[in-house]
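Structure, as structure tokens:
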Amino acid sequence: MRFNEKELISLSRQPSERAAELGMRGPKKGDVVKRRLVKLVVNFLFYFRTDEEEPQGALLLEQCRVEREDSLAFSITFLDEAERKYLFECDSQEQCQEWIDSIIKASYEFMRKNLIFYRTEIHRLTGKDPLEQYGIEDETRFQVTSGLQLMPKDI
Amino acid sequence: MKIHEKILTHYLSCTSPIDKEGYLYKKKERTSSYQRRWFVLKANLLFYQERPADRHLLGVIVLEGCAVQRCESEGGLFAFSMVFRGSGLKTYGLAAEDQLGQESWVKALLTASHCYLSLLVRDLGKQYEEAKRQAGPAESHQRTTVTGPGSMCLTQSMTYLNSCSSSFLMPGPERREGGSHSASNLLQAPPIPSKVINKRSPKHWPKRNAHVTPINGPAPPYGEWPQVDFDPLEDFTKLHDYYGEEVKQLRADWLMRRQEEEEHLEEDLIDLSEH
């Protein structure tokens, strides 16, 4: 599958609030913990081999489960498959929790749900649809039904 | 760089909503010929394949840091392009069969980026706090906005804005006092980010689940809406009786400032002129 690699690499170079060297272990049996520069940009988690300009990989942070593993580690599971569980080791409990929170909040779907909540609430409290002022009230992605787990054809 | 295709394709096929789909013509690289492709827009990702029923995806375009603009009609098609900002970065040439298709795709793509949504959520969060305040104390108790890592959202927003800033055009550094309202003006297409303060979160250690909402404490009485906490003291420096009046005033200010900076802008994000 083709993707806009150069553009994604450029994205990975943007300054990030959440970037640190962590221990990272891949999902496969036999994978060991390796030091990687892990960087959160929009809803992607980039990871770099230390001192390399270009990221080794990019993980899309959607439809994934983030869990605390122990005092210093968290994991991200994709596709609900144990064989796609990545482990990350932090230097402190605080850092570990901050990473978990950041990753959860980075998800586009999480943000969409928040938006729909605010839109509904503001409309309920004020009688006005706050998206009208931006002219985006008809955009599919901001519709109230989008917050529910419906199949696309139901929308 | 490895992109972990399976994660992307899984996201595409899962139950979260598709934001737009349909046939578009895509310009083949380095030629000027078009190929008809089925496009699916979900979040900030634009997938394409030959036909809707195809299992095999041809490709995906991550929509961060690109400007979308209409182009001159080509061969009876209504063309538009996605221009990625940065040296050596691509421009994708796309076209719709009719003007309505062109307009709706351009609009959908303009509002697709993570950066844009982040700004929008932040702005609406503030409007929500304001609306609650104005509704009176009875309302404030009904919805328990929970403290905790909620203020992390501002931290996140700063990340997004920083990541946007090199791609988007910044109107000027003096955005702070405007708070949410300068953002609200900027959310009119084209979106241009403003600055926020970084805020550290208090420490917590509950177990969290990514796709089980909400994460910040007790669920609201209905639905599955998550709670996000914004500190109302963070960006609001003025309080006004009527939200609408303030927006009007700030719009006027912003328009004035924008005119001053016009010469510094390379181009509009939406280019409606024929070229």
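Each value in this text was obtained by applying a stated rule to the coordinates, not by laboratory testing. Bear in mind the structure is a predicted one, so any value in this text is a computation, not a measurement. When we count neighbours, we look across all protein chains shown, and the Cβ atoms used for this are built from the backbone with ideal geometry, even at glycine.
Beta carbons closer than 7 Å, at least 6 apart along the sequence or on distinct chains, pair a first residue in region B:122-133 that is within 7 Å of chain A (Cβ to nearest Cβ) with a second that is aliphatic (A, V, I, L, M) for B:L124/A:L115; B:L124/A:I122; B:G125/B:V228; B:Q127/A:I122; B:Y128/A:I122; B:A131/A:I122; B:A131/A:L125; B:K132/A:L125.
Scanning region B:20-69 for residues that are part of a strand (DSSP E or B), of a type in the set (D, E, K, R) and surrounded by fewer than 21 Cβ atoms within 10 Å (Cβ to Cβ) turns up B:K20, B:E21, B:K26, B:K27, B:R36, B:R37.
Taking region A:58-126 as the region of interest, the strands (runs of 3 or more DSSP E) fully inside it that hold 1 or more residues being surrounded by fewer than 21 Cβ atoms within 10 Å (Cβ to Cβ), facing chain B (nearest Cβ under 7 Å) and without any contact (Cβ under 8 Å) to a residue 24 or more places away in the chain are A:64-70. Screening B:V83 against (1) closer than 28 Å to A:K105 by Cβ; (2) within 19 Å of the chain's Cα centre (by Cα) leaves a single unmet condition, (1). Are any of the residues in region A:18-39 surrounded by 20 or more Cβ atoms within 10 Å (Cβ to Cβ), among the β-branched types (V, I, T) and not in a loop (DSSP other than H, G, I, E, B)? Yes, there is a match, as at least one residue in region A:18-39 is surrounded by 20 or more Cβ atoms within 10 Å (Cβ to Cβ), among the β-branched types (V, I, T) and not in a loop (DSSP other than H, G, I, E, B). Count of region B:1-31 residues, restricted to those that are away from chain A (no Cβ under 13 Å) and touching a strand residue (DSSP E or B) at 6+ places or on another chain (Cβ under 8 Å), is 4. Give me the pairs, please: first residue somewhere in region A:1-12 and of a type in the set (A, V, I, L, M), second residue anywhere and in a loop (DSSP other than H, G, I, E, B) and loosely packed, with under 15 Cβ neighbours inside 10 Å, beta-carbon distance under 9 Å, and either six or more positions apart or on two chains. Short answer, once both residue conditions are applied: A:M1/B:H56; A:I9/A:E53; A:I9/A:E54. Considering only region A:41-53, I want to know if a residue exists there that is touching a Lys or Arg at 6+ places or on another chain (Cβ under 8 Å), more than 7 Å from chain B (Cβ to nearest Cβ), surrounded by fewer than 17 Cβ atoms within 10 Å (Cβ to Cβ) and basic (K, R). Checked region A:41-53: at least one residue is touching a Lys or Arg at 6+ places or on another chain (Cβ under 8 Å), more than 7 Å from chain B (Cβ to nearest Cβ), surrounded by fewer than 17 Cβ atoms within 10 Å (Cβ to Cβ) and basic (K, R). All of (1) outside any loop (DSSP other than H, G, I, E, B); (2) free of Cβ contacts under 8 Å to residues at least 12 places away in the same chain hold for B:Y92 with one exception: (2).
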